[in-house]
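The structure appears below as structure tokens.
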Amino acid sequence: MGEVIVITSGKGGVGKTTSTANIGTGLAMLGKKVALIDTDIGLRNLDVVMGLENRIVYNLVDVVENNCRIKQALIKDKRYPNLYLLPSAQTKDKSAVTPEQMKKLTGELRNEFDYILLDCPAGIEQGFKNAIAGADRALVVTTPEVSAVRDADRIIGLLEANEIRRTHLIVNRLRADMVKEGNMMSSDDVVEILAIDLIGIVPDDEHIVISTNNGEPLTGSDCQAGQAYMNICKRVLGEEVPYLDLEVTKTFFQKFAAIFKR
Amino acid sequence: MGFLSNWFKSSESSSDIAKNRLKVAITSDRAICSPELMEQMKNDIIKVISKYVDIDTDGLDIKVTRTELDDDSGTVNAVLASIPIRATKPLRR
């Protein structure tokens, strides 16, 4: 039986879709059979982040309305044959799907896949309710900013109210240099405020922008964000992995040398 | 430049300010009641406890926070009060 994980945040633009794409890719790299579902009806994005936007024939709404079979709508990833995407519909709205239909869909996918990741839309309305309906556990993404952390707290409360007990936190876009200067909350600060267990810290890394431009998730690649996402995947599987040292330690001479490298 | 501005600025960093503001905002978000009602509850708690002990109202901290249940079955919102006692009042009968 597969596990259904919802990736959610409350606030938009904190990295839900990027995290879904990268964690899904990482789990596939670790040999798991993975299905990604974009539940953001009307604002689909997971397809472009995965680089699969040209292969869409059917979508989530087609599946729940029985216009096609699930297998017809699942798009196989470019690089990993055990990774699939069920894209969202672009022309419908959130009311096109109900929580019961989502439960049924994830229930069916459980038999086929090890992990089903649901990319949740921003907000706490219908789209959120649909996304969490069939979920066993949740990954809450936040950035170390007041607005994102406050929304994450609301989401955690709503997940609890909906009896999703296993909830973990991803602190995204952390800048170690700013934390050190006292100008950004640390992951410890965020964990203290939200009082849930941490599962990953992803540094603010320009490689993410490049990988999104290319439509190729960077999990496992040789950069800090790539390593951080791979570590999250291992922790999702239950492995204990130490946290990366994100500190940018530069001596005076290194800073001096960096000026000339430009 | 960094250390110079650090030198002159007040002791609280912007990340501390963010953290403290968030704690206050989240406390009232979590509370089912409004900040005014929270304030009323706080005053009532002070009133009741003051009947028995002499408390330090400046060091008082009452907040709504998420706490793990003892049997590990999940978490609940709970009112946590930290009320420093100056002295106990002699019992009057």
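The values are calculated or read from the model by the stated rules, or taken from the named source; none is laboratory data. Remember, predicted model here, so these are calculated numbers, not experimental data. Virtual Cβ from ideal backbone geometry, glycine too; neighbours counted across all protein chains shown. Just the protein is used for accessible areas: all its heavy atoms, side chains included, with ligands, DNA and RNA removed. Shrake-Rupley method; radii C 1.70, N 1.55, O 1.52, S 1.80 Å.
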query: Which shape class applies to region A:5-57: rounded if a/c is under 1.5, otherwise prolate when a/b exceeds b/c and oblate if not, where a ≥ b ≥ c are the square roots of the Cα gyration tensor eigenvalues?
result: oblate
Accessible solvent surface per residue of region B:15-88, calculated while the other protein chains remain in place, 1.4 angstrom probe, Å²: 65
field: Highest average packing first - A:66-79, A:150-163, Cβ atoms within 10 Å
entry: A:150-163, A:66-79
query: Counting Lys and Arg as +1 and Asp and Glu as -1, each charge on the Cβ, what is the dipole of the protein assembly as shown about the Cα centre in debye, to the nearest 20?
result: 200
query: Considering amide H positions built from the backbone, and no H for Pro or chain starts, which residues 5 or more places from A:Leu36, or on another chain, come under 5 Å of its amide H?
result: A:Tyr84, A:Leu85, A:Leu86, A:Leu117
query: Counting only DSSP beta bridges with both residues in region A:3-261, what percent are antiparallel, rounded to the nearest 5?
result: 5
query: Heavy-atom accessible area of B:Ile55 with all protein chains present, probe 1.4 Å, nearest 10 Å²?
result: 10
- prompt: Going through region A:76-141, which GluC sites (Glu not before Pro) have at most 11 other Cβ atoms within 10 Å and a DSSP loop state?
  reply: A:Glu125
- request: Can you pull the one-decimal nm distance between simple spin-label points at A:Leu244 and B:Leu60, each 7 Å off the Cα toward Cβ?
  value: 4.8
query: Efficiency by 1/(1 + (r/R0)^6): what FRET value for A:Val57 and A:Lys234, r their Cβ-Cβ distance, R0 = 45 Å, to the nearest 0.05?
result: 0.85
- prompt: So how far apart, in nm, are the two label points at B:Ser11 and B:Asp29 if each is 7 Å from Cα heading toward Cβ?
  reply: 2.9
query: Got a number for carbon plus sulfur as a percent of chain A's accessible area, 1.4 Å probe?
result: 47
field: Accessible surface ranking that places the most exposed of A:Thr18, A:Thr39 first, with a 1.4 angstrom probe
entry: A:Thr18, A:Thr39
query: Which cross-chain or sequence-distant (5 or more) residues have an amide H under 5 Å from the amide H of B:Val64, H modelled 1.01 Å from N in plane?
result: B:Leu80
field: Pair A:Ile124, B:Val76: separation of 7 Å Cα→Cβ label points (nm)
entry: 2.1
- line: One finds, for B:Leu37 and B:Ile85 with R0 = 22 angstrom and r their Cβ-Cβ distance, a FRET efficiency to the nearest 0.05 of 0.30
message: Per residue, how much accessible surface does region A:127-219 expose to a 1.4 Å probe? Answer in Å², no decimals.
response: 40
message: Counting only helical runs of four or more DSSP H residues, what would the 222 nm mean residue ellipticity of chain A come to if each run contributes -39,500 (n - 2.57) and the total is spread over all its residues?
response: -12000 deg cm²/dmol
- request: Assign one of three labels to the protein assembly as shown, namely rounded, prolate or oblate, based on the Cα gyration tensor with a ≥ b ≥ c the square roots of its eigenvalues; rounded applies when a/c is under 1.5, prolate when it is not and a/b is larger than b/c, and oblate otherwise.
  value: oblate
field: Full-extension gain in nm, A:Met178 to A:Lys78, via 0.36 nm per residue minus C-alpha separation
entry: 32.3 nm
